[in-house]
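Asks: Take a look at this one; I'll ask things after.
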Amino acid sequence: MFFADHTMTSPATILKGLLLLLATEIPAWSAAQGTADAPEKGLFKLLGPPPDVRPLALAVEFHLQDIDDINDETETIQFAGTLLVRWHDPRQAFDTVSAGVREKCFDDTYQYTEQFPTWVPQVDLVNAFTPLETRSKLLRIAPDGTCLLVRAINGVAKVRLELQRYPFDTQRLALVFRAHGYFGNEVAFDPGAQAMFWDNTALRIPQWTIDRLDAAAQLYTTQVMGVTNEVSAFTITVDVTRSPLHMLRLVLIPLALIVILSWSVFWMDRSSLGDRMSVSFVGILTAVTYQVIISDALPDISYMTFIHGFVNLSFLLTCLTVLANLAVGVADRKGKAALGDRIDRTCRWGFPVGYVLLLGINWAIFH
């Protein structure tokens with residue numbers, strides 16, 4: 001009615017009419033819209049953990065399916081398994097009759113984030129070497145609001161290897177999971193008595209034997225924006241023992257035989273100094289080659305291991321045969337044949353006894 005006669009209406013009158021229209025129409029539209037959207041606005045309350053319980057208990061289980069590799073050089077463990085997390089959210093309770101189902105199942109992240117918004121804990125791997133890969137995911141919701149999240153995962157975790165006894169070492173490897181973004185006073189893992197499952201007959205790791213697997217919850221301290229907080233973690237420990245047969249047949253036994261054969265110079269003729277030196281230097285070069293093999297098999301560590309001691313002692317004993325050869329050669333050139341024979345006879349038993357004693361000391365130091 002305000003715009004019926006454009007020639008009679010001033011700008012002030014038009015502005016006054018618009019303000020009156022806004023004052024009368026928008027409140028009514030807002031009330032109707034708010035009533036229509038009220039159930040959907042309530043869904044936003046589901047995007048956080050249940051507010052009534054602190055900390056929220058997350059019952060957790062882990063089913064270990066496979067350990068593909070334990071890498072000495074990168075100090076990592078590659079694994080595959082299924083992670084199960086259960087919690088109670090009364091906001092998700094529903095009536096089976098009106099819903100028409102006995103259990104709600106969502107087998108994709110889109111379904112329970114876009115089609116049916118709900119809070120789901122994002123459990124990640126704290127000591128991940130590469131991003132944790134999720135093969136499949138399933139969320140199951142019971143009528144009473146009990147939620148079960150099932151995730152099939154592949155991961156590579158960074159672990160700490162203690163290699164002093166290599167290749168006769170045992171290791172304790174850890175996989176540490178946490179609820180991303182939440183502190184210990186908000187959510188806490190609660191593993192049951194049977195929180196770890198694995199098939200002992202099907203699980204095989206090259207060069208390793210699994211001794212024990214265990215799971216437990218623990219708190220660790222971290223800093224976020226300068227504030228110290230405790231975070232709940234679910235830790236899986238894997239105790240393994242290395243099978244030394246590979247290194248025995250590749251390094252230890254062949255190198256020991258070469259060292260023993262290098263002692264054949266003590267039965268060679270005193271005047272054959274060139275031949276004796278050739279045999280000794282073959283043993284020295286072989287020991288150096290095995291040192292290269294060991295450096296490729298092990299990471300760049302700053303401490304000694306048993307196998308380092310073994311290779312170095314073998315190298316030392318082979319080098320000492322060169323000095324014995326020189327002593328015999330000098331005695332022979334000076335016409336002291338008896339002295340040269342005495343040196344050879346002493347070395348025939350002295351080197352084996354010394355080698356065994358040194359290896360025993362090496363074993364005692366690292367074990």
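Asks: It is to be established whether one or more residues within segment 110-119 are under 28 Å from T235 (Cβ atoms), surrounded by 19 or more Cβ atoms within 10 Å (Cβ to Cβ) and under 26 Å from the mean Cα position of the chain (by Cα).
Replies: No, every residue in segment 110-119 fails to be under 28 Å from T235 (Cβ atoms), surrounded by 19 or more Cβ atoms within 10 Å (Cβ to Cβ) and under 26 Å from the mean Cα position of the chain (by Cα).
Asks: Which condition number in (1) touching a helix residue (DSSP H, G or I) at 6+ places or on another chain (Cβ under 7 Å); (2) at pLDDT 90 or above; (3) open to solvent by 60 Å² or more (accessible area, probe 1.4 Å) is the one that R178 fails?
Replies: R178 satisfies all of (1) touching a helix residue (DSSP H, G or I) at 6+ places or on another chain (Cβ under 7 Å); (2) at pLDDT 90 or above; (3) open to solvent by 60 Å² or more (accessible area, probe 1.4 Å) except (1).
Asks: Here are R270, R276: which of them is in contact (Cβ under 8 Å) with a residue 24 or more places away in the chain, part of a helix (DSSP H, G or I) and charged (D, E, K, R)?
Replies: Unique residue meeting the criteria: R276.
Asks: Checking the condition in contact with a Ser or Thr (Cβ under 6 Å, 6 or more places away or on another chain), at pLDDT below 95 and open to solvent by less than 10 Å² (accessible area, probe 1.4 Å), which residue from L163, L149, L139 passes?
Replies: Being in contact with a Ser or Thr (Cβ under 6 Å, 6 or more places away or on another chain), at pLDDT below 95 and open to solvent by less than 10 Å² (accessible area, probe 1.4 Å) holds for just one of L163, L149, L139, which is L163.
Asks: Would a scan of segment 103-114 turn up a residue that is in contact with a helix residue (DSSP H, G or I) (Cβ under 7 Å, 6 or more places away or on another chain) and not in a helix (DSSP H, G or I)?
Replies: Yes, that holds for at least one residue.
Asks: For A297, all conditions in the list (1) hydrophobic (A, V, I, L, M, F, W, C); (2) farther than 30 Å from R160 by Cβ; (3) surrounded by 15 or more Cβ atoms within 10 Å (Cβ to Cβ) hold save one; what is the number of the exception?
Replies: Here A297 clears every test but (2).
Asks: If N154 satisfies all but one of (1) under 18 Å from the mean Cα position of the chain (by Cα); (2) of a type outside the set (D, E); (3) not in a strand (DSSP E or B), what's the number of the condition it fails?
Replies: Single failed check for N154: (3).
Asks: Consider L203 carefully, then state whether it is in contact (Cβ under 8 Å) with a residue 40 or more places away in the chain, surrounded by 20 or more Cβ atoms within 10 Å (Cβ to Cβ) and within 21 Å of the chain's Cα centre (by Cα).
Replies: So L203 does not fit the description; no.
The values are calculated or read from the model by the stated rules, or taken from the named source; none is laboratory data. Everything numeric here is computed off the predicted structure, so don't read it as measured data. Ideal geometry is used to build each Cβ from the backbone, glycine not excepted, and the neighbour counts take in all protein chains shown. Areas reflect the complete protein model, heavy atoms only, side chains present, ligands, DNA and RNA absent. Shrake-Rupley method; radii C 1.70, N 1.55, O 1.52, S 1.80 Å.
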